[in-house]
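Scroll down for the structure; my scribbles are underneath it.
The values are calculated or read from the model by the stated rules, or taken from the named source; none is laboratory data. Since the model is a prediction, treat every value here as computed from it, not as a measurement. Neighbour counts are summed over all protein chains in view; Cβ atoms, including those assigned to glycine, are modelled from backbone coordinates with ideal geometry. To get the accessible areas, we keep the full protein, side chains included, count just its heavy atoms, and leave off ligands, DNA and RNA. Shrake-Rupley method; radii C 1.70, N 1.55, O 1.52, S 1.80 Å.
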Amino acid sequence: MLIKAPSRSAYLITKPENIRYLTGFEGEGFYLRFGKKMILATDPRYLETAQRISEKTFELFEISKGWPERLKPLLASINTILFEAHHMTVQDLKWWKKVLKSKQFQDAERVVEKKRAIKTEQEKKIIRTAARIADQVIKIILPMLRPGVT
């Protein structure tokens, strides 16, 4: 699923659920989207996992020694970092502002959550299947429920 950043802006996605939604990656790191460039940043523990994602539409960026300095040139044309204010801690925001001193930081206003709220036909099918399975489980378990059962 794609999100498009406004001109000279970059989305900095740090919430794991949103990273998973955008990339399929389940690990630690962050996701950057600016222009046509999509970057998934993660440390060496998760690189192999990130490399195995079947529909990889992003560039991998390794978070290792000196990574903030390697990131700066990639964001040279960016003025504004749109970040997840509802997720990022004040301490983390201070750190990012220190690393990317020349950039303005602005709330991304839950852009990914708004995309996630609109379900595709495939997502709807999965939800319906999960609901049917849950109904079957309830039918099996309901007769077993009575006071005192734990």
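Please work out which residue is least open to solvent (accessible area, probe 1.4 Å), limiting yourself to region 104-118 and to residues that are within 14 Å of Leu22 (Cα to Cα) and either out of contact with any Leu (no Cβ under 9 Å at 6 or more places or on another chain) or of a type outside the set (D, E, K, R) (or both). Show your work before the answer.
Of region 104-118, the ones within 14 Å of Leu22 (Cα to Cα) are 110-118.
So of that shortlist, the ones also either out of contact with any Leu (no Cβ under 9 Å at 6 or more places or on another chain) or of a type outside the set (D, E, K, R) (or both) come out as 110-114, 116-118.
Values: Arg110: 114, Val111: 33, Val112: 1, Glu113: 37, Lys114: 124, Arg116: 69, Ala117: 74, Ile118: 121 Å².
By that ranking, first place goes to Val112.
Go through region 29-49 and report how many residues are in contact (Cβ under 8 Å) with a residue 12 or more places away in the chain and either under 9 Å from the mean Cα position of the chain (by Cα) or closer than 24 Å to Gln106 by Cβ (or both).
Step one: list which residues in region 29-49 are in contact (Cβ under 8 Å) with a residue 12 or more places away in the chain, which gives 29-35, 37-47, 49.
With either under 9 Å from the mean Cα position of the chain (by Cα) or closer than 24 Å to Gln106 by Cβ (or both) added as a condition, the list becomes 29-35, 37-41.
Total meeting the criteria: 12.
If I ask for residues that are modelled with pLDDT of 90 or more, small (Gly, Ala, Ser) and loosely packed, with under 13 Cβ neighbours inside 10 Å, which ones from region 18-69 would you list?
Once the filter is applied, which keeps residues that are modelled with pLDDT of 90 or more, small (Gly, Ala, Ser) and loosely packed, with under 13 Cβ neighbours inside 10 Å, region 18-69 yields Ser64, Gly66.
Taking the stated definitions as given, is Lys125 open to solvent by 80 Å² or more (accessible area, probe 1.4 Å), of a type outside the set (A, V, I, L, M) and closer than 30 Å to Asn79 by Cα? Steps first, answer last, please.
Working: open to solvent by 80 Å² or more (accessible area, probe 1.4 Å): yes; of a type outside the set (A, V, I, L, M): yes; closer than 30 Å to Asn79 by Cα: no.
Considered against the rule, which asks whether it is open to solvent by 80 Å² or more (accessible area, probe 1.4 Å), of a type outside the set (A, V, I, L, M) and closer than 30 Å to Asn79 by Cα, Lys125 comes out as no.
How many residues are closer than 21 Å to Leu12 by Cβ and under 16 Å from the mean Cα position of the chain (by Cα) if we restrict to region 50-62?
First, pick out the residues of region 50-62 that are closer than 21 Å to Leu12 by Cβ: 50, 53, 56-62.
Right, trim to under 16 Å from the mean Cα position of the chain (by Cα) and you get 50, 53, 56-61.
So the count comes out to 8.
Hey, does region 96-103 have a residue that's at pLDDT 95 or above, part of a loop (DSSP other than H, G, I, E, B), closer than 21 Å to Tyr31 by Cβ and of a type in the set (D, E, K, R)?
Scanning region 96-103 turns up at least one residue that is at pLDDT 95 or above, part of a loop (DSSP other than H, G, I, E, B), closer than 21 Å to Tyr31 by Cβ and of a type in the set (D, E, K, R).
If Trp95 satisfies every condition in (1) more than 24 Å from Pro44 (Cα to Cα); (2) of a type outside the set (S, T, N, Q); (3) open to solvent by 90 Å² or more (accessible area, probe 1.4 Å) but one, which is the exception?
(1)
Out of all the residues in region 75-95, which are more than 13 Å from Tyr11 (Cα to Cα) and either among the charged types (D, E, K, R) or outside any loop (DSSP other than H, G, I, E, B) (or both)?
Result: Val90, Gln91, Asp92, Leu93, Lys94, Trp95.
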